[in-house]
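Step one of this worksheet: look at the structure below.
The values are calculated or read from the model by the stated rules, or taken from the named source; none is laboratory data. No experiment lies behind these values; they were computed from the predicted model shown. FYI the Cβ positions are ideal-geometry reconstructions off the backbone, even for glycines, and counts take in every protein chain you see. We work out accessible area using only protein heavy atoms, side chains counted, and drop any ligands, DNA or RNA first. Shrake-Rupley method; radii C 1.70, N 1.55, O 1.52, S 1.80 Å.
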Amino acid sequence: MTDYPPIGEQLADPEAARAEGRRKLEWAAQHMPIMAAVREEFEANRPLEGERIAMAMHVEAKTGILVEVLADGGAEIALTGCNPLSTHDDVSAALDAHESITSYAKRGVDDEAYYEAIHATIAHEPTITVDDGMDLVAAIHEEYPELIDGIVGGAEETTTGVHRLRAMDADGALKYPVFAVNDSPMKRLFDNVHGTGESSLAAIAMTTNLSWAGKTVVVSGFGYCGKGVAKKAAGQNANVVVTEVEPRRALEAHMEGYDVMPMAEAADVGDVFVTTTGNRDVIVREHFERMADGVLLANAGHFDVEIDLDALDDLAVDVYEAREGVTAYEMEDGRRLNVIAEGRLVNLAAPIALGHPVEVMDQSFGVQAACVRELVENGEAYGPGVHDVPDERDREIAEIKLEAEGVEYDELTGSQREYMDSWDHGT
Ligand code: RBV
């Protein structure tokens, strides 16, 4: 164990924090029917008994429900944040009070404390890792390779983490199996599209008190997240411009009716810029030089590398807090470029940010819980590397959700099933 203290030892009034955290957890739980079903089953059968799960996630209420459910399934949990600004200290404290959970997550920590908390989490010698962004997998492989033999596997929540894992796998460097939760239909088609779309726009609007109607919103990247941001911005009466580097996605955006153009041109016309690419240097000096006074710059990608803040800082003659969560960079010619939430993922890192809506996280975390269970029950079936979530497990999550929503749907008839399974039908 390291001597980095859990959150309960870091707060002035942990009792009050726990009470508020518990209130947030209860609200989230009320709107998470999938997690309620999983919890019931986990409490009855304790399938995770004896496992130690290390988690680096956005520590707020919905994540808290996943953590509790895994603990109720019998696991010991060590938890930390996956972004220095997304932790809710009250939720972290409420979780830390659970006898099977230790939480090191604290909001606003510097880089050094962030990594100390990761190390403290790993010191619990996990048998399973659950990551959002791959920080645990990276730290274990680089600094604690002796633990790898004892690890059954991991699960990864987000696009950027899966991207990093695939790069690691391609290099032959990934030494245990990890499920790409992000790539499962029940995650990507909902969390990335609707979750990112709704919560990013809500966080920007609430942080600035400005309207979408009539604005030109430049969305960088037309992957699942970009599609969601574009769709919801258009739904709030903005004109949407898309920038892309992949020809089929650029064409898809064009055929959806969005204006597609290079960032160098979009910089001239945009009022609000939202990056969702997962890549670095999407908005850089030459773009800042062309932007109008008053533009808003926000990032919805996992890391804060999409907007080149160093270049912006270099260009600025003055930098000040224009509002809580908004940093104004004033240019020599008087233009003010406003960066929201320090260019960190806006839907979680803005001061009032709450993350994705509860309903979509219920789905994503339903997939996470299913993957943890799959590792415990069938872990030896998976070799080192990145694995798709078993389709049957993903379908089960959809079935629970549809039932909770009271949505009925059709089943294949015997003859339809036979038709779909055979290859000798023609005209
Ligand atoms: N995300 N978590 C939340 N707990 O409120 N909101 C979004 C939350 C996840 C989402 O699944 C996405 O893949 C990841 O954060 C990006 O870091």
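Structure data summary
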{"read-out": "Compactness of region 254-336, expressed as Rg and Dmax over alpha-carbon positions, Å", "value": "13.0, 41"}
{"read-out": "All-pairs alpha carbon distance profile, region 40-95, 10 Å steps from 0, percent", "value": "26, 50, 22, 2"}
{"read-out": "Fraction of beta bridges assigned by DSSP in region 294-412 that are antiparallel (%, nearest 5)", "value": "75"}
{"read-out": "Accessible area in square angstrom per residue, the chain, 1.4 angstrom probe", "value": "45"}
{"read-out": "Two-decimal log10 I(q)/I(0) for region 6-139, as the Debye equation yields it once each C-alpha is a single scatterer, q = 0.09, 0.15, 0.21 Å⁻¹", "value": "-0.23, -0.65, -1.25"}
{"read-out": "Spatial extent of the chain: Rg and Dmax, with the Cα atoms as the point set, Å", "value": "22.3, 75"}
{"read-out": "Centre separation in Å (Cα based) which lies between region 142-182 and region 379-427", "value": "26"}
{"read-out": "Choice from R417, R336, R164 showing the highest fluctuation, given a GNM over the chain with Cα pairs closer than 10 Å", "value": "R417"}
{"read-out": "Per-residue SASA entry for T63, accessible area with 1.4 Å probe, Å² rounded to 10", "value": "10"}
{"read-out": "Share of carbon and sulfur in the accessible heavy-atom surface of the chain [1.4 Å probe, %]", "value": "47"}
{"read-out": "Region 64-127 pair-distance distribution - Cα-Cα, 5 Å bins, rounded %", "value": "4, 20, 29, 25, 16, 5, 1"}
{"read-out": "Subset of K175/K232; K227/K401; K24/K401 violating a 32 Å alpha-carbon distance limit", "value": "K175/K232"}
{"read-out": "Listed residues E306, E324, E51, E265 arranged by accessible area, highest first, probe 1.4 Å", "value": "E324, E265, E51, E306"}
{"read-out": "For region 158-270, the Rg and Dmax computed from alpha carbons only, in angstrom", "value": "16.1, 51"}
{"read-out": "Most mobile listed residue (E321, E405, E286) in the chain, GNM with C-alpha springs under 10 Å", "value": "E405"}
{"read-out": "Ordering of 38-45, 418-425 by packing [mean C-beta count within 10 Å, highest first]", "value": "38-45, 418-425"}
{"read-out": "DSSP bridge orientation in the chain - percent antiparallel, rounded to nearest 5", "value": "20"}
